[in-house]
Amino acid sequence: MIALAGAVVFGLQGCAQPGAGTAGGPTATAGHDVRIDDGRLVLTSPDGGERVVAHTDPDADGELVHAAVRPGDHDRQTVLALARAAGDGRSRYELRYLTVDGDTVTDLYWFPWRLQVADDLADTLDLPPLPVWSPDGDALAWLEWDGSGTRLRTVGWHDEDVTSNPSDDVASYRVDEVPAGTQLQAWETGDGVPVLRGSDGDTTWRIELDLDAAAAIAMAEAGSLPAS
């Protein structure tokens with residue numbers, strides 16, 4: 001798990017657009033891919049074969065809006081999913097996951113509530129906080145927001161003898177310069193330096209993690225808005 005201790009964030013203009021409300025956000029390159037099809041999670045193998053690994057009822061379970069395969073070399077595959085659920089006149093976003101081990105597929109489990117997306121996120125802005133995997137699949141990150149600002153959250157991932165699941169290796173850091181609705185698009189490692197990238201549609205955001213200093217520092221990249 002990568003630990004963060006602070007964040008200094010700057011905005012930069014760019015042309016990247018967030019994948020709001022779709023399954024087209026960042027997915028892992030772990031030899032397999034996953035897509036959402038009418039409430040189903042469909043796992044695609046490198047040879048093009050497809051396998052339905054979960055069926056959901058949007059009315060009862062919420063609408064699946066994003067899915068990603070865990071990257072890295074692991075004993076079993078993990079598929080992460082984000083669903084938008086509604087009830088009591090409010091919307092909320094929920095993280096879920098399943099594991100695939102040969103012919104065995106688990107249920108689509110809910111994250112424990114202490115590790116979930118904040119349940120009041122949609123009260124501020126109803127956009128999905130798209131999570132991204134770290135390149136080795138040992139952690140997740142997403143941005144979430146409320147009336148007081150934006151924060152970056154990370155949750156570690158833990159492998160056991162027979163299953164894999166989110167862990168209590170967590171962190172949360174204020175990045176209030178980043179506007180509500182900004183969605184992470186990738187967690188990369190360039191020259192050994194982890195970098196989180198995201199966009200709010202008009203501005204591209206880059207958060208670079210300094211592991212030695214246990215801090216996050218943002219740097220501007222060249223870029224511009226598309227011509228109108």
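The values are calculated or read from the model by the stated rules, or taken from the named source; none is laboratory data. These numbers were taken from a predicted model, which means no experiment stands behind them. As a convention, Cβ positions derive from the backbone with ideal geometry for all residues, glycine included, and neighbour counts pool all protein chains shown. Just so you know, the surface numbers come from the protein's heavy atoms only, side chains and all, with ligands and any DNA or RNA stripped out. Shrake-Rupley method; radii C 1.70, N 1.55, O 1.52, S 1.80 Å.
Overview of values
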{"read-out": "Net lengthening on full extension, Val162/Asp120 (0.36 nm per residue, minus Cα-Cα)", "value": "11.7 nm"}
{"read-out": "Cα convex hull volume per residue for the range 114-175 (Å³)", "value": "91 Å³"}
{"read-out": "Percent accessible area from carbon and sulfur atoms, the range 151-210, protein chains only, probe 1.4 Å", "value": "44 percent"}
{"read-out": "Within the accessible area of the range 90-145 (1.4 Å probe), percent carbon and sulfur", "value": "46 percent"}
{"read-out": "Counting all C-alpha pairs of the range 27-175, share separated by more than 28 Å (%)", "value": "17 percent"}
{"read-out": "Label-point separation, Asp101 to Arg174 (7 Å along Cα→Cβ), nm", "value": "4.3 nm"}
{"read-out": "Environment charge of Gly89, counting only residues whose C-beta is closer than 15 Å and scoring Lys/Arg +1, Asp/Glu -1", "value": "-2"}
{"read-out": "Length released on extending from Ser148 to His55, taking residue separation times 0.36 nm less the Cα-Cα span", "value": "29.8 nm"}
{"read-out": "Cα centroid separation, the range 90-158 to the range 44-58 (Å)", "value": "20 Å"}
{"read-out": "Computed magnitude of the charge dipole of the range 43-153 (debye, nearest 20; Cβ of K, R +1, Cβ of D, E -1)", "value": "260 debye"}
